[in-house]
Amino acid sequence: MPRTPHRTLRRLLAVTAGATLALGGLPALGAAPALASSGSGPTAVVSMGDSYISGEAGRWQGNSLTTSGSRNGTDRAWTGSAYDPSRVYGTTAANGCHRSDSAEVKSATGIASALINLACSGATTENVFRASNGGKAYKGEAPQADQLAAVAASHDVKTIVLSIGGNDLGFADIIRNCATDYIVWYSYCHDDQQAEVDAKIDAAMAGVGKSVDEIRAVMSGAGYAASSYRIVLQSYPSPIPRAADNRYGESGWTRTNTGGCPFWNLDSDWARDSLVPQVANRLKGVATAKGVQFMDLRDMLQGREVCAKASKQVTSTVPASATTSEWARWIDQNQTQGPIQENVHPNYYGQLALGRCLALIHAQPSGNFSCRNTAGAGASGMYLTSVS
């Protein structure tokens, strides 16, 4: 008997349509920065790129089916009487850049005097390039490389960490199409979506490479020697687990209405073991070609993904916890908990873990590394392994 999608499809299509990746700009750029000679001023680490580094979904401490109040303590925007996303996203709650207080660079405490987040949710590589070289403004903010120029003039920038390319590949479309194939068409998405990725990936990687070149051009123009700062290019983690690691059965509605992970087993395995590694390997190739460090995040959420057997949803009797809760935001099956663009991104706990990864690689002056979590531990359990 076919399952009737009823209102689930409408919710799902709306939810996934907005599940874009995040990028952003300098807060309060109205006033010109106090100028300093290059390499002087307070030390700074700068993050640039998309939602996987901007702090998208930092509002959430795990996932809960409770849709009112604090959602069992998972909603950091709850004031006690209403919801105020600016408590987490500051002024970027309004324009949708969603640079959260727990974003990767903000969570990497102790590595520089200034931790500056230029990333903004939904941007592509074109939003990183300088305007003079084809860059485009986004969500009311100047291209990120142009914003970097202001930071480089007023700070001693030591590390620039970049996450970009996912929106060029159409990650949001992949999520939407795979979820629709699960709910409506009873067909797999991985074959069609693999062809789409293959058709886009060369151009996307060229855009990533140009983004690195643009960052270098800005730093050179600000008087920095190439040896005086580092660029770290990072890959993406999978927000959904392999089929064998999913705590919900493939049939029925639990993956959609309870777990928030409406994907077929074969599609889940494709995403986790084919798509994510393919993108990571290509990004590593860009990093090698451009002479920058690479941080591989493909296994960063292992066991902490949405619907993972090793993690739990938050309930009235299972409190939010970095050691037991999911580290990724689910697909909001009711469309009642926050904006749809937060879906399938590392949540508050995931952001803290990413911050620890950044702090760890910041302490490594050279080399490529994979960052992984320790089962049963919070952000302090993140560790690096060298990759060739």
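The values are calculated or read from the model by the stated rules, or taken from the named source; none is laboratory data. Everything quoted here is computed from the prediction, not taken from an experiment. Because the Cβ atoms are built from the backbone with ideal geometry, glycine has one as well, and the counts that use them run over all protein chains shown. Remember, those area values only see protein heavy atoms, side chains included, never the ligands or the DNA or RNA. Shrake-Rupley method; radii C 1.70, N 1.55, O 1.52, S 1.80 Å.
Structural remarks
- Amide H partners (placed H, <5 Å) of THR43, local residues excluded: SER113, ALA114, ASP156
- Packing rank of 171-181, 106-116, where each peptide gets the mean count of other beta carbons within 10 Å, highest leading: 171-181, 106-116
- Magnitude of the charge dipole, the stretch 282-362, Cβ model with Lys/Arg +1 and Asp/Glu -1, debye to 20: 280
- Heavy-atom accessible surface of VAL387, to the nearest 10 Å², is about 40 Å², with a 1.4 Å probe and all protein chains retained.
- Volume per residue of the convex hull around the Cα atoms, evaluated for the stretch 263-340, comes out as 135 Å³.
- Residue of LYS284, LYS200, LYS158 that the Gaussian network model of the chain assigns the largest fluctuation, springs spanning Cα pairs under 10 Å: LYS200
- For the stretch 341-386 versus the stretch 303-328, the gap between their alpha-carbon centres in whole angstrom: 17
- Neighbourhood net charge (13 Å Cβ-Cβ; Lys/Arg +1, Asp/Glu -1) for PHE171: -3
- Under the convention that each Lys and Arg Cβ holds +1 and each Asp and Glu Cβ holds -1, the size of the dipole of the chain around its Cα centre is about 660 debye.
- Of the solvent-accessible surface of the chain, computed with a 1.4 Å probe over protein heavy atoms with every protein chain present, carbon and sulfur atoms account for 54 percent.
- Sequence of LYS210, LYS309 when ordered by accessible area, the most exposed leading, probe 1.4 angstrom: LYS309, LYS210
- Toward the positive end of the charge dipole of the chain, with +1 on the Cβ of Lys and Arg and -1 on the Cβ of Asp and Glu, the farthest Cα among THR91, GLN144, ALA123 is that of THR91.
- Cα centroid separation, the stretch 98-116 to the stretch 186-240: 21 Å.
- Largest-first ellipsoid semi-axes for the stretch 226-374, taking √(5λ) over the Cα gyration tensor eigenvalues, angstrom: 31, 17, 13
- Computed from backbone phi, the HN-Hα couplings of the stretch 283-295 come to 5, 4, x, 5, 4, 5, 5, 9, x, 10, 6, 10, 10 Hz, rounded to whole numbers (Karplus: 6.51 cos²θ - 1.76 cosθ + 1.60, θ = phi - 60°; Gly and Pro given as x).
- Relative to the 2.2 N^0.38 Å rule of thumb, the chain has a C-alpha radius of gyration ratio of 0.94.
- All Cα pairs of the stretch 122-182, percent lying beyond 18 Å: 49
- The chain: most fluctuating residue of GLY80, GLY291, GLY165 per GNM, C-alpha cutoff 10 Å: GLY80
- Of PRO346, PRO319, PRO365, the one that fluctuates the most in a GNM where the chain has Cα springs shorter than 10 Å: PRO365
- Share, in percent, of DSSP beta bridges within the chain that are antiparallel, nearest 5: 35
- The stretch 288-344 - accessible surface per residue (Å², probe 1.4 Å): 33
- Computed about the Cα centre, the dipole magnitude for the stretch 237-285 is approximately 180 debye when only Lys and Arg (+1) and Asp and Glu (-1) carry charge, each at its Cβ.
- For SER121, distant residues with modelled amide H under 5 Å away: LEU23, CYS97, HIS98
- Against the empirical curve 2.2 N^0.38 Å, the C-alpha radius of gyration of the stretch 52-119 lands at a ratio of 1.18.
- Between the stretch 242-300 and the stretch 141-181, the alpha-carbon center distance in angstrom: 19
- Interchain or long-range residues, amide H under 5 Å from LYS312's placed H: SER325, GLU326
- Two-site FRET efficiency, SER321 against ASP273, from Cβ-Cβ distance with R₀ of 35 Å, rounded to 0.05: 0.80
- Relative contact order (%) - criterion: Cα under 8 Å, at least six apart; region: the chain: 23
- Other residues with beta-carbon under 15 Å from the beta-carbon of LYS106 carry, at +1 per Lys or Arg and -1 per Asp or Glu, a net charge of +2.
- Relative contact order (percent, whole number), the stretch 45-126, Cα cutoff 8 Å, 6+ residue spacing: 43
- Nearest-10 value in Å² for the accessible area of THR43, using the 1.4 Å probe: 40
- Solvent-accessible ranking of TRP185, TRP60, largest area first, probe 1.4 Å: TRP185, TRP60
- Distance-filtered residues of the stretch 298-327 - backbone nitrogen under 18 Å, label point 7 angstrom along ILE201 Cα→Cβ: 298-299
- If you take all other residues with their beta carbon under 10 Å from the beta carbon of ALA77, and give Lys and Arg +1 and Asp and Glu -1, the sum is +2.
- Cα gyration tensor, the stretch 32-189 - rounded (a/c under 1.5), prolate or oblate: oblate
- Relative contact order (percent, whole number), the stretch 256-351, Cα cutoff 8 Å, 6+ residue spacing: 27
- Computed [θ] at 222 nm, helices only, for the chain once each DSSP H run of length n ≥ 4 contributes -39500 (n - 2.57): -9000 deg cm²/dmol
- Computed with a 1.4 Å probe on the full set of protein chains, the accessible area for THR66 sits at about 50 Å².
- Per principal axis, descending, Cα span of the stretch 129-245 in whole Å: 57, 30, 25
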